[in-house]
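Colleague: I'd like to ask some things about the structure below.
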Amino acid sequence: VVLTFPTLNRWGVCSALSSPDPPGIDEWQSEGRTRNGAMFWSRCLCVASEMANTRLVNHVRERMGLVYGINLVWAPFEVFDCGLMQLEYSPDPETLAVAQSEVRGVLKSIVEGGFTEEEFASAVGPLVAGVRDSIETNSFWQEILCHLQTSLTPKTAHCLHDVPSGYLALSLADVNFVARRAWALWEEASVECVGVTNTKYQLQQCPAA
């Protein structure tokens, strides 16, 4: 099963959102949570995606035993006017309907209730450690060179040295706010494709219920 829906791109933009600013944006900005510019949105969504993946795995696979595997990936397009969230999971045909319901329930819980302090603490530590390790790899610098062609990319040295501190500066309130905005369209604008190998079932393509 593959479920996709539009979300923010790397720069915090999603043209599919009916309003660029969700309710409460003025109060949120007044509390000083617009720091780090465009990369702030990207970092928040990276953390949110990690937490969402963990919640999906823990609930749908480990606790419910409904899928063989499940994985959520954020495609943070840079030159398109939105990003893309893609969720893939592999249930048995007999448990397909239940798995779909549980997956949607998890996504709904994120949009309506956000993440917990425990989830946030568990996600940020490993993510920051991974960022620190990646700075010393060739792929990190190759990615920086590719991004130099984009006018939105910062061109100052601090954007290289302060990447870990940028993640550490985030709060749970930051991430929850961005996640609610980023996944606001998961239900109304999502597309779900279901493919099975059993001949008694047919390939389906339909909007998520």
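Each value in this text was obtained by applying a stated rule to the coordinates, not by laboratory testing. Computed from a predicted model, the values in this text were never measured in an experiment. A quick note on method: Cβ atoms are made from the backbone with ideal geometry, for glycine too, and the neighbour counts reach across all protein chains shown.
Colleague: Taking amide H positions as placed in the peptide plane 1.01 Å from N, state which residues far from G83 in sequence (5 or more) or on other chains have amide H under 5 Å from it.
Modeller: Under 5 Å from the amide H of G83 lie the amide H atoms of T7, L8, N9, each far enough along the sequence or on another chain.
Colleague: Just subtract the alpha-carbon distance of R63 and C146 from 0.36 nm times their residue separation and send over the number in nm, one decimal.
Modeller: Net length gain for the segment: 25.8 nm.
Colleague: Here's something else I'd like to know. Give me the distance in nm between label points sitting 7 Å out from Cα along the Cα-to-Cβ direction at E117 and A173, one decimal.
Modeller: Here the answer is 1.4 nm between the modelled labels.
Colleague: Between F77 and A16, what length in nm is gained on full extension when 0.36 nm per residue of separation is reduced by their alpha carbon distance?
Modeller: 20.6 nm is the gain from fully extending F77 to A16.
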